[in-house]
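This report concerns only the one structure given below.
The values are calculated or read from the model by the stated rules, or taken from the named source; none is laboratory data. Being a predicted model, the structure only gives us computed values, none of them experimental. Every residue, glycine among them, receives a Cβ derived from its backbone with ideal geometry; neighbour counts consider all protein chains shown.
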Amino acid sequence: MACMAWSSSPRHLGARDRFIGWTAEQRRAHIHLLAYNTRFLILPWARIPCLASHLLGRTARRISEDWQKLYHHPVCLLETFIDPERFRGSCYRAANWIFVGRTIGRGKNDQTKRANRSLKELWVYPWGRFARRFVMAKSSTRRL
């Protein structure tokens, strides 16, 4: 019915790091606490209202525990990219994810320092203690 894939987060995402308020040193020390939703697919024949946001919510409640078992540390922030030319991100919005900015279109292996891909929207979902301590306190004083 659906498929999700998760991986470690990209190292350098300016919008995310500004949203959290991390310095480069803090990012290096805590990047392992983030998980990146690399794929989210609902098969076209699955016609269940609110399925996507439901799955995102259930995954958010479960992933840190699973990550802890596999990698021996929790996950405190989930993130994903959305291509606005192809998708609206409605399911992430419905699941209370937060839009934090756009990429600069260079990709992780950029050698040219020039945009060579489409700009993506970056959405995050703060979780647990991390959300309460760092992100929510900062986001309440910011306009997104």
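Being surrounded by 16 or more Cβ atoms within 10 Å (Cβ to Cβ), hydrophobic (A, V, I, L, M, F, W, C) and free of Cβ contacts under 8 Å to residues at least 60 places away in the same chain is the requirement here; does Phe87 meet it?
Values: surrounded by 16 or more Cβ atoms within 10 Å (Cβ to Cβ): no; hydrophobic (A, V, I, L, M, F, W, C): yes; free of Cβ contacts under 8 Å to residues at least 60 places away in the same chain: yes.
It is false that Phe87 is surrounded by 16 or more Cβ atoms within 10 Å (Cβ to Cβ), hydrophobic (A, V, I, L, M, F, W, C) and free of Cβ contacts under 8 Å to residues at least 60 places away in the same chain.
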Quick check on the range 74-103: of everything there that is of a type in the set (D, E, K, R) and touching a Lys or Arg at 6+ places or on another chain (Cβ under 9 Å), which residue is nearest to Val124 (Cα to Cα)? Glu79
Can you tell me which residue is surrounded by the fewest Cβ atoms within 10 Å (Cβ to Cβ) among those in the range 5-46 that are touching a Leu at 6+ places or on another chain (Cβ under 9 Å) and polar (S, T, N, Q)? Ser8
Residues within the range 19-51 that are farther than 19 Å from Ser7 by Cα and either in a helix (DSSP H, G or I) or under 14 Å from the mean Cα position of the chain (by Cα) (or both), tallied: 6
For Leu77, state whether it is crowded, with 19+ Cβ neighbours inside 10 Å and either modelled with pLDDT of 85 or more or in contact with a Pro (Cβ under 8 Å, 6 or more places away or on another chain) (or both). yes
Mind checking whether some residue in the range 10-26 is among the small types (Gly, Ala, Ser), under 18 Å from Gly128 (Cα atoms) and free of Cβ contacts under 8 Å to residues at least 60 places away in the same chain? no
